[in-house]
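I have placed the structure first, in the form of structure tokens, so that the comments after it can refer back to it.
Read-outs: derived from the displayed coordinates by stated rules, not from any lab. None of the values given here were measured: they were computed from a predicted structure. No Cβ is skipped: glycine too gets one built from the backbone with ideal geometry, and neighbour counts run over all protein chains shown.
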Amino acid sequence: MRATLIWDIPTRLFHWSLALSFAGAWLTSESDRWLSVHVFLGYQMMGLIVFRLFWGFLGTHYARFSAFWFSPGEALEYLRQVLSRTAQRHLGHNPTGSLAIYMLLALTLVVAGTGFFTLGAEEQHGLAAGWMGISQGRIFKSLHELSANLMLLLVFGHLAGVVVESWLHRENLARSMLTGSKLADASALVVRPRGLVAASMVVLMLGFGIWWFFYALHAPPEPQTGRPAPTLTAPGVAFVGPKLADNAQWREECGSCHLAFHPSLLPRRSWSRIMSEQGQHFGTDLALDGPTTTALLTFLTANSADQRKTEPATKIDLSVAAGTVPLRITETPYWVKKHRDITAADWQSPKVKSRSNCAACHLDAGSGTFEDAAMRLP
């Protein structure tokens, strides 16, 4: 028995890159601040799967699909043999492990694909932006979360199989996937390392990362506040939202007292009531003349949350029950749910002070887009 190269370098690089990408994507899945990192890892997983599909036909012997193509019956029979401790050792993937590999490849495609469409529909970003409405993103998001949970369960099953197989045959399978070598007799096939292919993979992944964070997601300074765009000192780069309707008169009248809250943050009926009750505008008389009132009302109602031009607008509109007329953005159910994890200390921070101070945390508050990845707690 001698150390024999079984797993070429591209196969090992694919394995660990996919494992780390999935782990990173899982850890960043619930954080708006890390959204750009989450999306980057999702694209990288999709690219890795495309490579693996090609490598399954063009790679070295043990990496090819033909070397570990077993029927479901063979996989179940091997599992039975493992339980009875009679399973034979395989230099490549065993029948049960091969089934797990195919399921992981398929689930990764589903996870990455549903994430791709979620980004396009719900966030209106990426290549799929504009293909579907924001409301339809909910379906893809549910499928994305379900497939990710299934993949996590399968990963745990895969890890359990590695532990059992290593114990059964008294070899360290995890170390074999690091070194590429297993003990085998002199007649065993020795594969080529294929280092040039692996080096090309590294260059492509690094190149994509540099392009993603330095160019594709480089956000210009927020036009209204002049705040600089986030850099790589932050976990990610803010997505740039769509250009929304603007109005100089609205900014002058509403922005003279507070942030000019974009019309897309309240439904049409709310703006109509606010303007009709301007004499009692939260303890202040706006004292607007007739033409100004008409102009502002036209702009506000034409660009309200009902138009659903952004993700926040859509979710605010869907959260407000028919017949109710919220007068404060901070009273809408979506706003309350979105900010439920903000601590009292954060609200009382000298840099925040008030729930209406949106610009303290949202880089794009002035433009009204409120992109998830453009939020930073001060």
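Numbers for the structure displayed
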| read-out | value |
| --- | --- |
| Charge context of ASP346, other residues only, Cβ under 11 angstrom, K/R +1, D/E -1 | +2 |
| DSSP-loop chymotrypsin sites (Phe, Trp or Tyr not before Pro) across the stretch 33-115, with at most 15 other Cβ within 10 angstrom | TRP69 |
| Contact order relative to length of the stretch 1-138, as percent, for alpha carbon pairs under 8 angstrom and 6 or more apart | 18 percent |
| Length added when fully stretched, ALA295-ASP246, from 0.36 nm per residue minus Cα-Cα | 16.4 nm |
| Approximate spin-label separation ARG138-SER71, in nm, with each point projected 7 Å along Cα-to-Cβ | 4.5 nm |
| Paramagnetic label zone (point 7 Å from Cα along Cα-to-C-beta, HIS158; backbone N under 13 Å) in the stretch 1-23 | 12-23 |
| Segment ALA287-CYS257, extension gain: residue separation times 0.36 nm, minus the distance between their alpha carbons | 9.5 nm |
| Whole-Å distance, taken between Cα centres, linking the stretch 281-355 and the stretch 1-52 | 41 Å |
| Label zone at ASP341 (point 7 Å along Cα-to-Cβ), backbone N below 13 Å, the stretch 30-66 | 30-35 |
| Local net charge near LEU13, Cβ-Cβ under 13 Å (Lys/Arg +1, Asp/Glu -1) | +2 |
| Cut-off under 5 Å, modelled amide H: who pairs with THR4 long-range | LYS182, LEU183, ALA184 |
| For the chain, the longest site-free run once trypsin sites (Lys or Arg not before Pro) in DSSP loop states with at most 12 other Cβ atoms within 10 Å are removed | 244-339 |
| Fully extended contour minus Cα-Cα distance, from PHE214 to ARG175, at 0.36 nm per residue | 10.5 nm |
| The chain, helix-only ellipticity at 222 nm - DSSP H runs n ≥ 4, -39,500 (n - 2.57), divided by all residues, nearest 500 | -16000 deg cm²/dmol |
